[in-house]
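Let me begin by presenting the structure, written as structure tokens, before commenting on it.
The values are calculated or read from the model by the stated rules, or taken from the named source; none is laboratory data. These numbers come from a predicted model, not from an experiment. Reconstructed Cβ throughout: ideal geometry from the backbone, glycine too, with neighbour counts over all protein chains shown.
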Amino acid sequence: MSTGALTIDLDALAANWRALDSMTACETGAVVKADGYGLGAPRVARRLAQEGARRFFVAVAEEGAVLRRALGPEPEIYVFSGHMEGDGRKLAGAALIPMLNSIEQLARHLESLPGHAFGIQLDTGMNRLGFEWADWSEAAGIALDHDPLWLTSHLACADEPDHGMNSYQLDIFRQMTDGLGVPRSLSATGGILLGPDYHFDLTRPGIGLYGGHPFDAAQPVVRLDLPVVQCRNLMEGEVVGYGNAWQAERPSRIATVSGGYADGLLRALSGRATFYHGDTPCPLVGRVSMDLITVDITDLGTDPDFLTLLGPAQGVDALARVAGTIGYEVLTSLGSRYTRLDNSG
Ligand SMILES: *Cc1c(COP(=O)(O)O)cnc(C)c1O
């Protein structure tokens, strides 16, 4: 096999969902936008549905339609971007539930799909998606007349437990929704960890399911092994790769692995990341190129068949730190060339 192997531990994914579920007294949904954070929404969602998840969240209607084919008619599928111009047929055809974000979306929805279920997203200070308070005051009466399934909002700083924004948004959310008699959802992964005040009736974890920060107790879900294409000896003073970015300071053995920035292995990893052969670290040397990466295996003493970039020795967040980004970006960047393997029976 000449492409990298991305192995997805569906048992670990399921265990993470159960662990997050056990932290609350309410229902736990699952966010599978961006193709299940890069791991493949159909396989991820099917396993979580088996585990008991009944409500799934995606970013856009197109993702919802793909998910519906994978999950069959039973589970509820919610669309964060709401009801956008031209979404009507997709929402109706795949029985997707838009999370309406504005008076304009509410009007469009009630007009083009009367009687079709919806939820409402409220902006509590993040200023990204959802009804502003003034618009909600104006439209709440009409919306409530049509029985929204959920009132939701999203926390901007939940991965920083001590950030004042958390209690501020909680307070605003309560003021916008208390006493309306509609089920509520505020928290993603970070909010679950903030405690029961933040849980309401439904949580919407994403990154924690996939083993990422801020759910630091999560089981790792992904493993990425890149096959070695060839190995060569370098004399002291020889150079490696584009721009001659690395020079051997001793006689060295260099492995070239299959994978590069076209596979989401960010170019910012150049000269900084570490691969592993079992527990043995092997430094990435030179620049990450489109399809290939060079690794110093001098101290390994053997030519490996593959080298591991994500695995027991280095998780998604550790690799993200090396690239100066977050686990979310590492996961959702994982390209389409990998052979995706999982442990579903
Ligand atoms: C992405 C997203 C989530 C999931 O967030 P995580 O931090 O990955 O748990 C939940 N709700 C909304 C509105 C989102 O956009």
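Things worth noting here:
- Exactly one residue out of L91, L48 is more than 16 Å from the ligand (Cβ to nearest atom), at pLDDT 95 or above and either surrounded by 17 or more Cβ atoms within 10 Å (Cβ to Cβ) or of a type outside the set (D, E, K, R) (or both), and it is L91.
- Consider the range 208-244 and keep the residues that are over 17 Å from V257 (Cα atoms) and in contact with a Lys or Arg (Cβ under 9 Å, 6 or more places away or on another chain). The one that is nearest to the ligand (Cβ to nearest atom) is G243.
- Scope the range 120-138; condition away from the ligand (no atom under 15 Å from the Cβ) and buried (at least 19 other Cβ atoms within 10 Å of the Cβ); matching residues: W136
- Elements of type strands (runs of 3 or more DSSP E) contained in the range 261-345, each with 2 or more residues being out of contact with any Phe, Trp or Tyr (no Cβ under 9 Å at 6 or more places or on another chain): 274-277, 306-310, 339-342
- Selection of strands (runs of 3 or more DSSP E) fully inside the range 41-126 by the criterion of at least 1 residues being over 20 Å from the mean Cα position of the chain (by Cα) returns 97-100, 119-121.
- Filter result for the condition that a residue is away from the ligand (no atom under 15 Å from the Cβ), without any contact (Cβ under 8 Å) to a residue 60 or more places away in the chain and outside any helix (DSSP H, G or I), over P161, P148: P148
- Flag for L20 being within 13 Å of the ligand (Cβ to nearest atom) and part of a helix (DSSP H, G or I): yes
Quick grid of which residues meet (1) buried (at least 17 other Cβ atoms within 10 Å of the Cβ); (2) in contact with a helix residue (DSSP H, G or I) (Cβ under 7 Å, 6 or more places away or on another chain):
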| residue | (1), (2) |
| --- | --- |
| A188 | yes, no |
| P196 | no, no |
| G212 | yes, yes |
| E249 | no, no |
| I254 | yes, no |
| G260 | yes, no |
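- In this structure, G179 does not qualify as part of a helix (DSSP H, G or I), without any contact (Cβ under 8 Å) to a residue 40 or more places away in the chain and either touching an Asp or Glu at 6+ places or on another chain (Cβ under 8 Å) or over 30 Å from L292 (Cβ atoms) (or both).
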